[in-house]
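All of the numbers you see were taken from the coordinates with simple rules; none came from a lab. Computed from a predicted model, the values in this text were never measured in an experiment. Neighbour counts run over all protein chains shown; Cβ positions are idealised from the backbone, glycine included.
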Amino acid sequence: MTEQPLIAAVDDDESVRESLHELLREFDFSVRAFVSAEAFLASGCIDDAQCLVLDIDMPGMSGFDLQQELRRRGKNVPIVFISAHADDILRSQVLEQGAVACLCKPFSDIELLEAIRAGLDGAVTGGGRSDAGQ
């Protein structure tokens, strides 16, 4: 039996966090969910997480700030950003800084799974644009 990849989900919205936890478990990942970037950093999970699903807009340390902090610490964990408010400029910034994808809420289960798999495989998917309303 192979070990399931650990995915860390960081989102301040409880319903999103719980949904991500359940969905990722259904995809057969091991999951740890965190209410904030600070909680993730304090958890000691940094070295164990093989991919992050990270909200951009959170109180305190934002997802973008966490991405920068991880880079500063030399941690190269794949990040799939999710956001209800990501504009093209912010999306470009996180992708330029090495994010695997930036998905706009609501996104499909398949989009999330493909982005995580790309991160685990070491490929950058780029856009991850879920802009059906535009």
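Which of the numbered conditions does Cys102 fail, given that it passes all the others? Conditions: (1) of a type outside the set (A, V, I, L, M); (2) buried (at least 17 other Cβ atoms within 10 Å of the Cβ); (3) in contact with an Asp or Glu (Cβ under 9 Å, 6 or more places away or on another chain).
(3)
Select from region 1-34 the residues that are touching a helix residue (DSSP H, G or I) at 6+ places or on another chain (Cβ under 7 Å) and not in a strand (DSSP E or B) and write down the one among them that is farthest from Pro106 (Cα to Cα). Before the answer, list the steps.
Taking region 1-34 as the starting set, the residues that turn out to be touching a helix residue (DSSP H, G or I) at 6+ places or on another chain (Cβ under 7 Å) are 5, 7-11, 23, 27, 31, 33-34.
Still in the running and not in a strand (DSSP E or B): 5, 11, 23, 27.
Details: Pro5: 24, Asp11: 14, Leu23: 14, Phe27: 18 Å.
It comes out as Pro5.
Is region 73-88 home to any residue that is under 18 Å from Gly122 (Cβ atoms) and small (Gly, Ala, Ser)? Even if it seems obvious, please write down each step before you answer.
Residues of region 73-88 under 18 Å from Gly122 (Cβ atoms): 74-81.
Now drop any that are not small (Gly, Ala, Ser), which leaves 74.
Yes: one or more hits.
For region 93-115, give me each residue that is over 14 Å from the mean Cα position of the chain (by Cα) and under 22 Å from Lys75 (Cβ atoms).
Those that are over 14 Å from the mean Cα position of the chain (by Cα) and under 22 Å from Lys75 (Cβ atoms): Gln93, Glu96.
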